[in-house]
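Visitor: Have a look at the structure that comes next, please.
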Amino acid sequence: MMRRSIGERIFDYTNIIFLVLLSLVTLYPLLYILFASISDPTYVAQTRGLMLFPKDLTLEAYRMVFKNPMIITSYINTLIYVAVGTTINILLTSLGAYALSRKKVMWGNLIMFMIVFTMFFEGGLIPLYLLVSELNLIDSRWALILPTAVSAFNLIIMRTAFQGIPDSLEESARIDGAKDFTILFRIILPLSLPVVAVMILFYGVFHWNSWFHAMIFLQDRELFPVQLILREILIANDTSNMTTGVSSVDAMPIGETVKYATIVVATVPILCLYPFLQKYFVKGVMIGGIKG
Amino acid sequence: MENLEKDVKLQDKPKSNFRRKVGNFRKDVVKDFKRNKIIYLMVSPVVLYYIIFQYGPMYGLQIAFKDYSPALGFSGSPWVGFDHFIEFFNSFFFWRLLVNTILLSFYTLLFAFPAGIILALLLNEVRGRIFKRTVQTITYMPHFVSLVVIVGILFDFLARDGVVNDILVFLFGMEPIAFMREAEWFRTLFVGSDIWQNVGWSSIIFLAAMSNIDPSLYEAAKMDGAGRFKQMFHITLPGIMPTVVILLILLIGKFMTVGEEKILLMYNPTTYETADVIGTYVYRKGILESNFSFSAAVGLFKAMIAFTLLVIANGIARKVSDTKLW
């Protein structure tokens, strides 16, 4: 049955070789950062071309990262933004998605239209900035949480998932006297855990990786998330704050490896999370992309 | 709607046909509200969010037609009509910004979008499940890495003494290139790094669409003697076409806002010539130079074009196929 022609066999092998190469190209920059962060700074500075292995393993760079008050503060800030932001996101999105997935709600379609419309037309950066200043949210943690409290895209994904739950479950709960809040939290949400997990991933990653709103809404360095500090280190190439207490001779190369260690610390938590949710977000993306 | 109800309250005279309809409508509203009280309570924070943080800025867009000063506020600032738009259209930067925005979007559409489809097609042909799964997990990974880190890696790898230059010098003995400071490299790097970061992620949706294709179609094709390439071109590709069209429409809707945050991280004055787009210009004029009204006008111009493109794309999709967004 499965006899393959020569052409097909050549295709299969080329395909596999290509995919292996693609995987290597994808992985290498990330591995490079990991290797550089645990290698001896002088070795990293002297390496030309591809670095294939870490050498003279040392955790010195990580020690520097965790001794640096600025990084610690920003890391804690990021955790706050992720935790509070995502909680509010999930709460509002599931409430909205539930309400808008009900059928006999007179204004439901109008509200839905109002939400979807913002996906195609928006006020834009400057009016948002002025609004946030009017609301006195500049230099407030809320500036990173409230303006992105709901994502229309995610709300649509969740609404579609809720709509797919058979009505009979809800009806029998109503006969038992359950009201909407009970139905949402006791029946709908527990049945939609995969979608909720995807939402947590999407919103969480968004907060974890976001830096632009922090840049325009915050001036107080005590409130900066870790991405904004990373931006200073990586893009503005300013490691001077990183190596306080190191003699100037050693400062340069150590600064380099501290840079890599900071990237690892700021990136690894997310990279550890997503493979577990992989099978769910395929579904999530599908729903959102098609019905959106 | 509120006005309608007010009108009804104002005049309490009896019965034209229209008035009866309004009366029924009012009854329906009350009935609906009574029945769905909790539903409306639940959706109220969402509605509030959209009114404040989405429609609030739309209301604020009026400053594009005013000379906004923070002291006078939104409503107190004097109207100036289309002055800011005319200033922008006549400015030295207008064409450069427009061309840069369109080209970066166009190249992304031309290269990054098909890349996802091609990867999905290739993955779909892989037989080993574990191998397929591994490749997927690896290629999804960069999507979850922050833009700051991605651009940081670009700076690091593409520096004069970075990995890429090391290899080029070793292989071809050429002079190191300061990639991130060369305007002619910007578009390539922007689109290339976008593909590197997102090709895996964008293949997901096409793979999902492929798994929804009716297997009996493949069986029938095999019966008719179609090989795998024939199946790929005559069953798999047409099978994912609706998905492709919808994603294309959505992408065209984002045509004017391509990767502004990434450009802000990547560009510098030496690359403005090819890198500066409308969105980044709005940021510099508005946030950095506090030129609020002018930059709001530029932003509105961008949003209007984006909206028009979306409507046109949807219209075309409606004509040529059954697929449409609305």
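Visitor: How far, in degrees from 0 to 90, does helix B:237-253 lean away from the longest principal axis of the Cα atoms of chain B, to the nearest 10?
Guide: That helix lies at roughly 60 degrees to the long axis.
Visitor: Under the 0.36 nm per residue contour assumption, what length would be gained going from the current alpha-carbon distance of A:A83 and A:A236 to full extension?
Guide: 52.2 nm
Visitor: May I ask you to evaluate 6.51 cos²θ - 1.76 cosθ + 1.60, the Karplus curve with θ = phi - 60°, for each residue of region B:302-318 and list the ³J(HN,Hα) values in order in whole Hz, giving x for glycine and proline?
Guide: 4, 5, 5, 4, 4, 5, 4, 4, 4, 5, 4, 4, 5, x, 5, 4, 4
Visitor: Tell me, what is the percent relative contact order of chain A, built from C-alpha pairs under 8 Å that lie six or more residues apart?
Guide: Once normalised by length, the contact order is 31 percent.
Visitor: Starting from region A:53-114, pick out the trypsin sites (Lys or Arg not before Pro) whose DSSP state is loop and whose Cβ has at most 12 other Cβ atoms within 10 Å.
Guide: A:K103, A:K104
Visitor: Let me confirm one metric for peptide B:131-144, namely the mean number of other chain beta-carbon atoms within 10 Å of its residues' beta-carbons.
Guide: Whole-number average of other-chain Cβ neighbours for B:131-144 is 5.
Visitor: Hey, how many Å between the Cα centroid of region B:23-69 and the Cα centroid of region A:51-127?
Guide: If we compute the Cα centre of each part, the gap is 24 Å.
Visitor: When a/c is below 1.5 the answer is rounded, else prolate if a/b is larger than b/c, else oblate, so apply that to chain B with a ≥ b ≥ c taken from the square roots of the Cα gyration tensor eigenvalues.
Guide: In terms of gyration-tensor shape, oblate.
Visitor: If you don't mind, there's one more thing I want to ask. Using packing as a proxy for protection, rank B:90-97, A:222-229, B:312-319 so that the peptide with the highest average count of other Cβ atoms within 10 Å comes first.
Guide: Ranked by mean Cβ neighbours within 10 Å, highest first: A:222-229, B:312-319, B:90-97.
Visitor: Hey, can you rank B:37-45, B:245-253 by average C-beta count inside 10 Å, highest first?
Guide: Ranking the peptides B:37-45, B:245-253 by packing returns B:245-253, B:37-45.
Visitor: Just to verify a number: FRET efficiency for A:L59 and A:I17, C-beta to C-beta distance, R0 = 30 Å, to 0.05?
Guide: Here the calculated transfer efficiency is 0.20.
Visitor: Compute the relative contact order of region A:1-58 as a whole-number percentage, counting only Cα pairs closer than 8 Å that sit 6 or more residues apart in sequence.
Guide: Reported as a whole number, the value is 29 percent.
Visitor: Let me ask you something else. Add -39500 (n - 2.57) for each DSSP H run of 4 or more in chain B, then divide by its residues: what number comes out at 222 nm, to the nearest 500 deg cm²/dmol?
Guide: Helix contribution divided over all residues of chain B: -20500 deg cm²/dmol.
Visitor: Turning to a different aspect of this structure: Applying a 10 Å radius around every beta-carbon, put B:188-201, A:172-185 in order of their mean neighbour count, most first.
Guide: B:188-201, A:172-185
Visitor: Beyond 44 Å, what share of the Cα-Cα pairs of the protein assembly as shown remains, rounded to the nearest whole percent?
Guide: 27 percent
Visitor: With everything on Cα atoms, drop me the angle between helix A:108-120 and the longest principal axis of chain A, reported from 0 to 90° to the nearest 10.
Guide: 30 degrees
Visitor: Against the longest principal axis of chain A, how steep is helix A:69-101, in degrees 0 to 90 to the nearest 10, with axes from Cα atoms?
Guide: Compared with the principal axis, the helix lies near 20 degrees.
Visitor: Hey, another quick one. So what is the 222 nm mean residue ellipticity for chain A from helices alone, if each DSSP H run of at least 4 adds -39500 (n - 2.57) and you divide by all residues, rounding to the nearest 500 deg cm²/dmol?
Guide: The per-residue figure over chain A is -23000 deg cm²/dmol.
Visitor: Partner chain Cβ atoms within 10 Å, averaged over the residues of A:16-27 - can you pull that number for me?
Guide: Average per residue, whole number: 5.
Visitor: Mind checking region A:1-32 for trypsin sites (Lys or Arg not before Pro) that DSSP puts in a loop (not H, G, I, E or B) and that have at most 11 other Cβ atoms within 10 Å?
Guide: A:R3
Visitor: Another one. Taking each residue in A:201-208, count the Cβ atoms of any other chain within 10 Å of its Cβ, then average. What number comes out?
Guide: Partner-chain Cβ atoms within 10 Å, mean over residues of A:201-208: 1.
Visitor: Further question: If you take the square roots of the eigenvalues of the alpha-carbon gyration tensor of region A:1-58 and sort them as a ≥ b ≥ c, do you get rounded (a/c under 1.5), prolate (a/b over b/c) or oblate?
Guide: It is prolate, given that a/c is not under 1.5 and a/b is the larger ratio.
Visitor: List, in the order given, every pair from A:K259/B:K262; B:K262/B:K319; A:K55/A:K279 whose Cα-Cα distance in the structure shown is over 30 Å.
Guide: Result: B:K262/B:K319; A:K55/A:K279 exceed 30 Å.
Visitor: Once you sort the root eigenvalues of the Cα gyration tensor of chain A as a ≥ b ≥ c, which label holds: rounded (a/c under 1.5), prolate (a/b larger than b/c) or oblate (the other case)?
Guide: Here chain A falls in the oblate category.
Since every read-out is calculated from the coordinates, none of them should be taken as a lab result. Because the structure is a prediction, the values reported are computed rather than measured. Note that each Cβ is placed from the backbone with ideal geometry, even for glycine, and that neighbours are counted across all protein chains shown.
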